[in-house]
Amino acid sequence: MKTAVKKVLIIGATSAIASACARLWATQGSDFFLVARNVEKLQQTAADLKARGATHVTLHEMDANDIEAHPLMMGRCLTALGQIDIALIAHGTLPDQKACERDVHMALKEFANNCTSVIALLTVLAMQFETQRCGSLAIISSVAADRGRPSNYLYGSAKAAVSTYCEGLQARLFKVGVHVTTIKPGFVDTPMTQGLSLPAALLAQPAQVAQRIVKGIANKVPTLYAPGFWALIMLVIRSIPQPVFKRLNL
Amino acid sequence: MSTPLYSWGRFPRRPQRGHGCVWLDELPAQIDRVIGAHHSSLPYGNGRSYGDSCLAASDQVLHMRSLDRLIEADWSTGVIKAEAGITLAEVLAVAIPQGWFLPVTPGTQFATLGGAIANDVHGKNHHVRGTFGRHVLGFGLLRHGEPEVICSPEDHPALFAASIGGLGLTGVIHWAQIQLMPIRATQIDTTTVRFANLAEFFALSAELDARHEYSVAWVDCLAKGAETGRGVFIVGDHAQYGSLEVGQRKKLSVPLTPPVSLINKVSLSAFNSLYWRLHPSQRKQGRSAHEPFFYPLDRILHWNRIYGRRGFQQYQCVVPAANAEAAMGELLRTIADAGQGSFLAVLKRCGDIASPGLLSFPLEGTSLALDFAQSEALENVLFPRLDDIVRAAGGRLYPAKDAHMSGVDFRRAYPAWEQLEALRDPSLMSRFWSRVIL
């Protein structure tokens, strides 16, 4: 049986994890509305998806921090797709923690990139999902959300806010038949993590993470660690008592 | 990426620093940056070249693997255009469901599109379809400090010819357009029969090659005397009835590198004898999925680790048809006497279809390929003997597999090297090229 064409909205569509997910949806013949800051990159992503079987791809240039632009984007998206079967919010930046400790403007800008812009988007999206009463909403958070570590607690706290917000949203939208998945990737080999010295054994490829995400969304998993072994790692890390945790240099 | 990159044979052990690039439009700036900082570099795909042809003289490579997008695909004609870092496996994954296959595929699907062109790879159907380069319609070439050059047989034909088999030296191939081959099914109808010696191999090859798309033979590199060159002959064709299956076999993996090679004379000769005896003495028809047929070793990720920390070298030569039988006999006797070699030793007759590339490896005759665990004796004793035989027979070695051939041998066997050197981007230099040219 051929499944119906899925209507997919992706914000931060040029990110490595998002485009790896999009490739999987494209092979199922989906329609896309792709949103990102850089239109040249969007075009390269769109060409790839079309060659892989995407039926229609509509591009929209937008900075997620430009909150006033969100309703316009939503309008265009609905014109293009009609309704949204899957919305994936995938944009984000990895702040330089040390620099953010000295520069409040930089810190707040990074927090906006990773948190307030997401909350703003979710506000608009949640209203749409409440109206259409079906579909899935997936948000890329991070394993960093689970514990405040000295090496990246600005990023971690932004993602923690997103995760908690999503938990509330899950309960709210559940009542109208809309599913929310909070995705917590571990270390993924992407441009965002380039230049960090991450342990090779824990480093996953975007395609591998995407497979888990696409399956997780289809199976309506509420919180998804990707790859799966991070659930175990974070269980251990969350259970370290605070007096011990603060002495570790994680 | 911070992890060092190596060639597939992990010899010579020259860790490369990879400078990645994710977007095609950002590549020129990245090339400028790397060459500005390190003076010279080399494009590096997925590290499936065995020796030092994929290692930069500066040890600073342009890591092309992340450029893995499709740019255009016309499934009515089977013409696809893709970024150079896409692997052949990724091409197959999108092409197979549409009824298309690679017209030429090497023994691994983990090579990149750019690498397949730069090494002008060939496969089990060389006698029917020639090398990979024959199916390339065009590609984009970035030469340092110049605007993009779009090469095809019509446009910039000299650069087109020099870049096919050009070992990544003429510029950075960053996208390519290729013609795929239509198939009805991915399954391969095979005929398998073992042969008792080299004469039988040549008789089988003469009889069967012309009738089949694919032809290859495994050879027992340790068999001596009257049994020299015994092996198993396999021919195949795409099935006319079957299904289009993208290979997704569960992969095994060698998780770590043992301190010494696990391949030794005892393990090898036991294995080879058993393997030979397990194959039928009468012709037997069968059917195989495409992955085990084309890519038996891709099943085991990181199989190159079994040769231990010192790595290994592959010896692949081709000898013109007139001298092939005598030279193959001599080569196999020399290898068996040395008691070295690998489980996977491959004999294959190459056809007479010319490649558009200047430095393409195959020539009409017979090719032999086998792996050896790295040791000093290899370079001091065995390889010089094999080189003497190949030289006397008018044959040559495959740069994509090589870490040892002498400059004299290379320049004699590939007289077009001067044309390639004249067209080389002065900012690109490999360890291989500096070894055989300078």
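No value in this document is a laboratory result; all are computed from the given coordinates. Model, not experiment: these values are computed from the prediction. Every residue, glycine among them, receives a Cβ derived from its backbone with ideal geometry; neighbour counts consider all protein chains shown.
With the highest mean first, a sort of the peptides B:171-180, B:10-19, A:175-184 on other beta-carbon atoms found within 10 angstrom per residue produces B:171-180, A:175-184, B:10-19.
Between the stretch B:366-416 and the stretch A:226-240, what is the separation of their alpha carbon centroids in Å? Here the two parts' Cα centres lie 52 Å apart.
Report the per residue volume, in Å³, of the convex hull enclosing the C-alpha atoms of the stretch B:180-302.
Details: hull volume 16.4 nm³, N = 123.
Spread over its residues, the Cα hull of the stretch B:180-302 gives 133 Å³ apiece.
Averaged over peptide A:45-54, the number of partner chain Cβ atoms lying within 10 Å of each residue's Cβ comes to 5.
Legend: distances between Cα atoms for B:81/B:284; A:6/A:159; A:159/B:81; pairs beyond 32 Å are B:81/B:284; A:159/B:81. Note on chain A: with charges restricted to the Cβ of Lys and Arg (+1) and Asp and Glu (-1), its dipole about the Cα centre is near 740 debye. The residues packed around residue B:186, meaning those with a beta-carbon under 10 Å from its beta-carbon, carry a net charge of -1 if Lys and Arg are +1 and Asp and Glu are -1. Distance from the alpha carbon centroid of the stretch B:148-172 to that of the stretch B:99-145 works out to 13 angstrom. Relative contact order for the stretch B:159-263: 32 percent, from Cα pairs under 8 Å spaced at least 6 residues apart, divided by residue count.
Once Rg and the Kirkwood radius are both taken over the C-alpha atoms of the stretch B:335-377, their ratio Rg/Rh works out to 1.11. Within the shell of other residues whose beta carbon sits under 14 angstrom from the beta carbon of residue A:74, the net charge comes to -1, with Lys and Arg scored +1 and Asp and Glu -1. Label separation (residue B:150 vs residue A:237): 4.8 nm, computed from points 7 Å beyond Cα along the C-beta direction. Expressed per residue, the C-alpha convex hull volume of the stretch B:188-406 stands at 141 Å³. Here the contact order of the stretch B:70-183, divided by its residue count and restricted to Cα pairs under 8 Å and six or more residues apart, works out to 32 percent.
What does the helix-only formula give at 222 nm for chain B: each DSSP H stretch with n ≥ 4 adding -39500 (n - 2.57), the total divided by the residues, and the result rounded to the nearest 500 deg cm²/dmol?
Values: 13 runs with 115 residues, N = 438.
It comes out at -7500 deg cm²/dmol, rounded to the nearest 500.
Across peptide B:69-76, the mean count of Cβ atoms from other chains lying within 10 Å of each residue's own Cβ comes to 5.
Assign unit charges at the C-beta atoms only (+1 for Lys and Arg, -1 for Asp and Glu), then state the dipole size of the stretch B:53-148 relative to its Cα centre in Debye, rounded to the nearest 20.
Details: 7 positive and 9 negative charges, 66 e Å.
For this selection, approximately 320 debye.
Reported value for chain B: 133 Å³ per residue, from the convex hull of its C-alpha atoms.
Between their Cα atoms, which of A:41/A:220; B:124/B:250; B:124/B:401 are more than 19 Å away from each other? Each step should come with its number before you reach the end.
Values: A:41/A:220 30 Å; B:124/B:250 24 Å; B:124/B:401 17 Å.
Over 19 Å Cα-Cα: A:41/A:220; B:124/B:250.
For the stretch A:113-250, count the residues as N, evaluate 2.2 N^0.38 Å, and divide the Cα radius of gyration by that value, please. Each step should come with its number before you reach the end.
Working: Rg = 15.7 Å, N = 138, 2.2 N^0.38 = 14.3 Å.
Dividing the Cα radius of gyration by 2.2 N^0.38 Å gives 1.10.
Label zone (residue B:29, point 7 Å along Cα-to-C-beta; backbone nitrogen cut-off 11 Å) within the stretch A:51-91: none.
Here the protein assembly as shown is treated as an ellipsoid with the same Cα gyration tensor; its semi-axes, largest first and in whole Å, are 49, 27, 25.
Considering all different alpha carbon pairs of chain A, the Kirkwood hydrodynamic radius works out to 18.5 Å.
Applying 1/(1 + (r/R0)^6) with R0 = 35 Å to the Cβ-Cβ distance of residue B:274 and residue A:201, what FRET efficiency is obtained, to the nearest 0.05? Efficiency computed from Cβ-Cβ geometry: 0.50. For residue A:97, the shell of other residues with beta-carbons less than 10 Å away shows a net charge of -1, using +1 for Lys and Arg and -1 for Asp and Glu.
Using the Cβ-Cβ distance between residue A:244 and residue B:203 with R0 = 51 Å, the FRET efficiency computed as 1/(1 + (r/R0)^6) comes to roughly 0.10. Of the two radii for the stretch B:267-386, the radius of gyration is 0.98 times the Kirkwood radius, both from the alpha carbons; that is the Rg over Rh value.
Normalising the average separation of contacting C-alpha pairs (under 8 angstrom, six or more residues apart) by the number of residues puts the relative contact order of the stretch B:1-92 at 28 percent. Distant-in-sequence amide contacts of residue B:124, defined by a placed amide H-H separation under 5 Å and a gap of 5 or more residues or a different chain, comprise B:105. Beyond 23 Å, the tail of the calculated P(r) for the stretch B:70-183 holds 22 percent of the Cα pairs.
With only alpha-carbon atoms in the gyration tensor, what are the semi-axes of the equivalent ellipsoid for the stretch B:1-132, in Å, largest first?
Numbers: eigenvalues 151, 68, 25 Å².
With the √(5λ) rule applied to the stretch B:1-132, the semi-axes are 28, 18, 11 Å.
Identify the residues of the stretch A:188-218 with backbone N under 15 Å of a label point that sits 7 angstrom from the Cα of residue A:93 along the Cα-to-Cβ direction, or state none. Only A:192-193 pass the distance filter. What separates the Cα centres of the stretch B:302-327 and the stretch A:82-103 is a distance of 50 Å. Within the same chain, aspartates and glutamates fewer than 8 places from residue B:251 are excluded, and of the rest, those with a Cα less than 16 Å from its Cα are B:90, B:291, B:298.
Considering only B:70, B:163, B:92, the residue lying farthest towards the positive end of the dipole of the stretch B:70-183 is B:92, judged by Cα position with unit charges set on Cβ.
Helix content alone sets the calculated 222 nm mean residue ellipticity of chain A: runs of n ≥ 4 DSSP H residues at -39500 (n - 2.57) each, divided across all residues, give -14500 deg cm²/dmol. Between residue A:149 and residue A:68, the simple label model (points 7 Å from Cα in the Cβ direction) yields a spacing of 3.9 nm.
Note on B:38-44: average number of Cβ atoms from other chains within 10 Å of each residue's Cβ is 0.
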